[in-house]
Amino acid sequence: MKRNKLIEVITNRVIKRLLEISSIDEGSGFDTIFNELKKKLENIQILPDNVISVEGYKEHQVVDALKEMGYIYRKPIGTKLHFFNKKTSISLYLVQNQNKITLLP
Amino acid sequence: MKKQRSNKKQLKEAISAGALSPLGYSVLVDASNVLEKKRGLIRSMFPSTNTANIKKWFLKISLNDKYGESKEKLMALGSRFSDMAALKVLYKSLNALKSTPLPEAEKEQREKDIQKMIDKIALFIRKRLTDDDAELIEKFANVINNVANSIAAEIDSELKASVQSPEEEKPKEEPKKEPTKPIEAPKVEGKVNERLKNKIQPTNENFPGPGEIVDAKDLDYDMLDYFNRMNIKLSIDTKTKKGIRGSVGKMYNDLVFNGDTINKKDILQVKILESNVNERLKNKLRKKIKEIIRTHIIKLK
């Protein structure tokens, strides 16, 4: 009985660690996304609460950049344009007329 | 405040109440791509038509007085829809419907199929438009409908060209009797529609994935069918209770939530939980790791 519990604990720890590593590899972190987007749009900035400011860029430039990064356009929510990355399961919302991208992990 | 609300209502009506003809939505989202980037998605609808001719249809939009001031908004809208795989598939299906040869007797049915497909495309686009886009519809409705009429006329003429006269049909049947291809040859006309319908079977590409929230208004048949097909686990928020674990299944040919114990009308939103596929993979991984650890413990002993 004790041995089974020990196996269970070790298994859980290994899985937890594996998941941590895999989530880093998938590039789902905020910094990863920001850096990737910065390669395409140089003058973007980080704002609080996982928000990226894309001020100075036209909406179609931002949309094109997101598409190149593998995000596909989904149904919008109000004025928020929804972009979804299948590989990382990350949703990004581009707020129309406000030049802001919100990250939703 | 009231004025603002009525403005918003007007905009929403512009999207949904048919200010544009169904084909107009395709024109709206592709206008800037055709005019500025010279690579519109609409080309998949007319692969045999010259690019310059397609551009000619759209020129009416660029000649409009309001085009200059709205150019950027049109470009932003165009970039969202450019290279959209699902839309491309719909356009290709429409092309196949209008250009696949058919006997005279099936022309009426084919026209209905084409109309259905155009409506489907319009609905697909409409669901992805925002209030900002509705302003564009208001500005350009007339000219866009004009372009849509030209496209409709082209579809009509291509369909007419595809209709075979009875004399044309006969010689085509003869080579089918050749012994070299006994199985592929009998392509019955009736199967064309079936094949095309199969082509537009819903893909999962544009459906939400794990972690995403779907509003009650988006819980249409296609969405429920997707939940059912993929056996997706859901967290359902109703008017009275939040976070009910559940799924969609078939009951008496209807798609229902949790064996029809939750009424669709009561649902506010559903959240897609981690997919079963991941769960299965995790379980497999868990089993494997357990085995490895077990053998190591035995060795240590």
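Every read-out reported here was derived from the displayed coordinates using simple, explicitly stated rules and does not represent laboratory data. What you see is a predicted model, and the numbers here were worked out from it, not measured in a lab. All Cβ positions, even for glycine, are placed from backbone atoms using ideal geometry, and neighbour counts span all protein chains on display.
General observations
- In plain terms, the residue of B:LYS37, B:LYS139, A:LYS75 with the fewest other Cβ atoms within 10 Å comes first and the most crowded comes last, giving B:LYS37, A:LYS75, B:LYS139.
- Rounded tilt (10° steps) of A:59-68 against the dominant C-alpha axis of chain A: 30
- Rounded to the nearest 10 degrees, the angle from helix A:30-40 to the longest Cα principal axis of chain A is 40 degrees.
- Chain A: angle of helix A:2-25 to the longest principal axis, Cα-based, in degrees nearest 10: 20
- Here the spin labels are modelled as points 7 Å beyond Cα on the Cα-Cβ line, and at A:GLN61 and B:ASP260 they lie 5.7 nm apart.
- Here the range B:42-136 has an Rg and Dmax of 15.8, 49 Å, counting Cα atoms alone.
- Ranked B:SER32, B:SER150, criterion: other C-beta atoms within 10 Å, fewest first: B:SER150, B:SER32
- Computed with the Debye formula from one identical point scatterer per Cα of the range A:28-104, without solvent, the log10 of I(q)/I(0) at q = 0.11, 0.18, 0.20, 0.26 Å⁻¹ comes to -0.22, -0.63, -0.80, -1.51.
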